[in-house]
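Contents: one structure, followed by commentary.
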Amino acid sequence: MNATDLRKMNLTELQTELHSLLKAQFGLRMQLATQQLSNFHQLKNVKRDIARVKTVITQKTNERS
């Protein structure tokens, strides 16, 4: 997921995306705990995507202030 794509979204879409990424992260953590996770890089990528979304949300809320 690119930051440029995220900047085109509005705040409600970003919140929805963040919620789905957090669900995906939870699922991956559960797979890791039960030793079912085969691709460990997925967890790293989801964490980075969450950080990107949170950064864009912060930028958009600061623009409105």
> Considering the stretch 39-65 alone, what residues qualify as being under 12 Å from Arg29 (Cα atoms), modelled with pLDDT of 95 or more and hydrophobic (A, V, I, L, M, F, W, C)?
Replying inline: Leu43, Val46
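Listed here are the residues, each with its yes/no results for (1) over 14 Å from the mean Cα position of the chain (by Cα); (2) surrounded by 12 or more Cβ atoms within 10 Å (Cβ to Cβ).
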{"residue": "Lys23", "(1), (2)": "no, no"}
{"residue": "Phe26", "(1), (2)": "no, no"}
{"residue": "Gln31", "(1), (2)": "yes, yes"}
{"residue": "Lys54", "(1), (2)": "no, yes"}
{"residue": "Gln59", "(1), (2)": "yes, yes"}
{"residue": "Glu63", "(1), (2)": "yes, no"}
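Being in contact with a Lys or Arg (Cβ under 9 Å, 6 or more places away or on another chain), of a type outside the set (S, T, N, Q), on the phi < 0 side of the Ramachandran plot and free of Cβ contacts under 8 Å to residues at least 24 places away in the same chain is true for just one of Leu37, Leu11, Leu32. Which residue is that? Full working, then the answer.
On the way: Leu11 fails: free of Cβ contacts under 8 Å to residues at least 24 places away in the same chain; Leu32 fails: in contact with a Lys or Arg (Cβ under 9 Å, 6 or more places away or on another chain).
When all the criteria are applied, what remains is Leu37.
The values are calculated or read from the model by the stated rules, or taken from the named source; none is laboratory data. Only a predicted model underlies this, so the values are computations on that prediction, with no experimental measurement involved. All Cβ positions, glycine included, derive from the backbone under ideal geometry; neighbour counts span all protein chains shown.
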